[in-house]
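The values are calculated or read from the model by the stated rules, or taken from the named source; none is laboratory data. Bear in mind that the values here come from a model prediction, so they are computed numbers and not experimental data. We place every Cβ from the backbone using ideal geometry, glycine too, and count neighbours over all the protein chains shown. Areas reflect the complete protein model, heavy atoms only, side chains present, ligands, DNA and RNA absent. Shrake-Rupley method; radii C 1.70, N 1.55, O 1.52, S 1.80 Å.
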Amino acid sequence: MSSFKKGLKKVEVALKWDPSPVGAPPHDLDIIAATYTDDDPGGPPDYVVHFDSRSPDGTITLNRDSTTGQGFGFDEVMTLELERLSPSYARVVVGIAIQQGKRATVFGAVANTAVRIREGYTDLAQNDFSEVADSTAAVIAEFARDDSGEWAFREVLQGFDSDPTSFAAAMGRAH
């Protein structure tokens, strides 16, 4: 998967899933965004935005955070205002991680998962995680600034087998 769309300004990443069956522990999926500087775009993230956080400058915000998947439509939404992001940033990588309790949960064990990435009313990508069903986390998108300063989108789907904290540190290495 590799679709490119250039000149992006404000992007929304939306995630949905069905609640766990009655009596089972709830599934908690999280959107995670990691930013990378122009001087080290392949190094460690400069900062990570995830549950209960936002970027220091307010350009990446988790607008809705669900811990159970209850509700209609998309339960968790993150907004990335790429046009406002400092020129010192070259990449933003977005992923989804499943909070792990006593037993590891993979995407294939969570009913009706779906992610949608859009700019305005234009869908850039949609995915149901079926290709990474045995993973506990997945990188879903990369936004990169080109030499002219424009942001381009590349759809990625790469599964990981790690907890959210380890995943956030490793997600920039997705290809």
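Could you tell me the ratio Rg/Rh of the chain? Both radii from Cα atoms, Rh via Kirkwood. Present the calculation step by step, with values, prior to reporting the outcome.
Working: Rg = 15.3 Å, Rh = 16.1 Å.
Reported Rg/Rh (Cα atoms, Kirkwood Rh): 0.95.
Determine the dipole magnitude for the range 50-175: charges of +1 sit on the beta-carbon of Lys and Arg, -1 on that of Asp and Glu, nothing else is charged, the reference point is the Cα centre, and the result goes in debye to the nearest 20.
Numbers: 11 positive and 19 negative charges, 61 e Å.
Computed charge dipole of the range 50-175: roughly 300 debye.
With Cβ to Cβ distances under 12 Å as the rule, what net charge do the other residues near residue 167 carry (K, R +1; D, E -1)?
Numbers: positive: 173; negative: 30, 161, 163.
Summing Lys/Arg as +1 and Asp/Glu as -1 gives -2.
Find the centroid of the Cα atoms in the range 123-175 and in the range 38-72, then give the distance between the two in whole Å.
13 Å
I'd like to check one number: the per residue accessible area of the range 43-175, probe 1.4 Å, reported in Å² as a whole number.
On the way: 6390 Å² over 133 residues.
With all protein chains present, the range 43-175 gives 48 Å² per residue.
By per-residue mean of other Cβ atoms within 10 Å, what is the highest-first order of 91-100, 133-142?
Values: 91-100: 23.6, 133-142: 21.8.
The densest-packed peptide leads the list: 91-100, 133-142.
Over the chain, calculate the relative contact order: mean separation of alpha carbon pairs under 8 Å at least 6 apart, over the residue count, as a percent. The partial results should precede the final answer.
Details: 431 pairs, mean separation 51.1, N = 175.
Reported as a whole number, the value is 29 percent.
Please report, in whole Å³, the volume per residue of the convex hull around the C-alpha atoms of the range 1-64.
Values: hull volume 10.3 nm³, N = 64.
Cα-based convex hull of the range 1-64, divided per residue, equals 161 Å³.
Of the accessible area of the range 117-175, with the probe set at 1.4 angstrom, what percent is carbon plus sulfur?
On the way: 1210 of 2820 Å².
Answer for the range 117-175 is 43 percent, counting heavy atoms of protein chains only.
Over the range 1-110, what percent of the accessible surface lies on carbon and sulfur atoms, probe 1.4 Å?
Values: 2840 of 5500 Å².
Of all accessible area on the range 1-110, carbon and sulfur atoms account for 52 percent.
Principal axis lengths of the range 28-76 from Cα atoms, whole Å, largest first?
42, 20, 16
Rounded to two decimals, what ratio of Rg to Rh does the range 40-121 give with C-alpha atoms and a Kirkwood Rh? Please list the in-between numbers first.
Working: Rg = 14.7 Å, Rh = 14.9 Å.
Ratio value, two decimals: 0.98.
How fast does the range 57-104 diffuse by Stokes-Einstein, in µm²/s, taking the Kirkwood radius from C-alpha pairs at 25 °C and 0.890 mPa s? Please list the in-between numbers first.
Details: Rh = 13.3 Å.
Estimated diffusion coefficient is 185 µm²/s.
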